[in-house]
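Asks: Before I ask anything, let me first share the structure, which is written out below as structure tokens.
Any read-out appearing in this document is the output of simple, stated calculations on the displayed coordinates, not a laboratory observation. Fair warning: this is a prediction, and the values are worked out from it, not measured in the lab. Here the Cβ positions follow ideal geometry from the backbone for every residue, glycine too, while neighbour counts run over all protein chains shown.
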Amino acid sequence: LFTNGSSSGNDGYGIYAYWLSNGNQIDNFTLQGNNKSGIYLFDSYYYTIENCNSSLNGGDGYYLMTTGSAIIDCISLNNAKTGFNLYHTDTTAIRNCTIIGNAEEGMSLKYSSDNVFTGNLIINNEQGIRVILKSSGNLFYSNIFIHNFARIQSSDDGVNYWNTSTKGNYWSDHISPDENQDGIIDVPYNIDGGAGAVDHFPLVKPPVTPVPDHRKF
């Protein structure tokens, strides 16, 4: 259990776990200004990471390689690369995280399948989410995408799901019409990329109130 601490300003990573360092919990940790990623998990499973702030690092906020974990209520802000970088990572849940101002993607998935992303606030990254290299079976719903416009909001080259049977995501560039006032935009939202992916139930309003100014972090 790593709790209520800080690992910042290191030449390498803030926390680096590898080779079956399984079943650990990181809670309420600050990982800022490290030359590489704030948290790097390699071939390590069953992590629970909660209430952590991994920001202003020289690499990714969170780099996940071959891990099945849960990341909840975390922050990834203004990192030099990606907010959350998933590589060969399956059955991971990323929930209710704040992902703002990262120089590359808010989230990147490569060779990663059967992960769930919900309730995340994804603002002002170069691209919101990028899903490539045989990543499939991932589910995205109730996420908030605002002004990830340096390239595009999100892209998908695999077979993934951008809504449940009733609820999709909020997209700041797709907010009308909703003629029957059911909270779902009448026109589906097309995801960029070669898969022809679609959010069939885009939300009229964000499911939570967006943070208006990322400098508060």
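Asks: So who's got an amide H within less than 5 Å of the one on residue 154, skipping anything under 5 residues away but keeping other chains? H placed 1.01 Å off N, in plane.
Replies: 128, 129, 192
Asks: Using Cα pairs under 8 angstrom and six or more residues apart, how large is the relative contact order of the chain, in percent? Intermediate values should be presented prior to the final figure.
Replies: Working: 737 pairs, mean separation 23.9, N = 217.
Computed value for the chain: 11 percent relative contact order.
Asks: Shape of the stretch 38-90 from its Cα gyration tensor (a ≥ b ≥ c, root eigenvalues): rounded if a/c is under 1.5, otherwise prolate when a/b > b/c, or oblate?
Replies: It comes out oblate by the Cα gyration axes.
Asks: Taking the Cβ of residue 80 as the centre, find all other residues whose Cβ is under 14 Å away and add up their charges (Lys, Arg: +1; Asp, Glu: -1).
Replies: Around residue 80, the surrounding residues sum to -2.
Asks: I want the local charge near residue 116. Using Cβ-Cβ distances under 12 Å, sum +1 for each Lys or Arg and -1 for each Asp or Glu among the other residues.
Replies: -1
Asks: Next question, about the same structure. Give the shape of the stretch 1-55 as rounded, prolate or oblate, defined through the alpha-carbon gyration tensor: a ≥ b ≥ c are the square roots of its eigenvalues, a/c under 1.5 means rounded, and otherwise the shape is prolate if a/b is larger than b/c and oblate if not.
Replies: Oblate.
Asks: Whole-Hz Karplus ³J(HN,Hα) for the stretch 185-190, in order, using 6.51 cos²θ - 1.76 cosθ + 1.60 and θ = phi - 60°, x for Gly and Pro?
Replies: Taking θ as phi minus 60°, the curve returns 5, 5, 9, x, 9, 8 Hz for the stretch 185-190.
Asks: If you take the square roots of the eigenvalues of the alpha-carbon gyration tensor of the stretch 1-160 and sort them as a ≥ b ≥ c, do you get rounded (a/c under 1.5), prolate (a/b over b/c) or oblate?
Replies: oblate
Asks: I would also like to ask the following. Given a cut-off of 23 Å, name the pairs among 81/134; 81/167; 134/167; 134/205 whose C-alpha atoms lie farther apart than that in the structure shown.
Replies: 81/167; 134/167; 134/205
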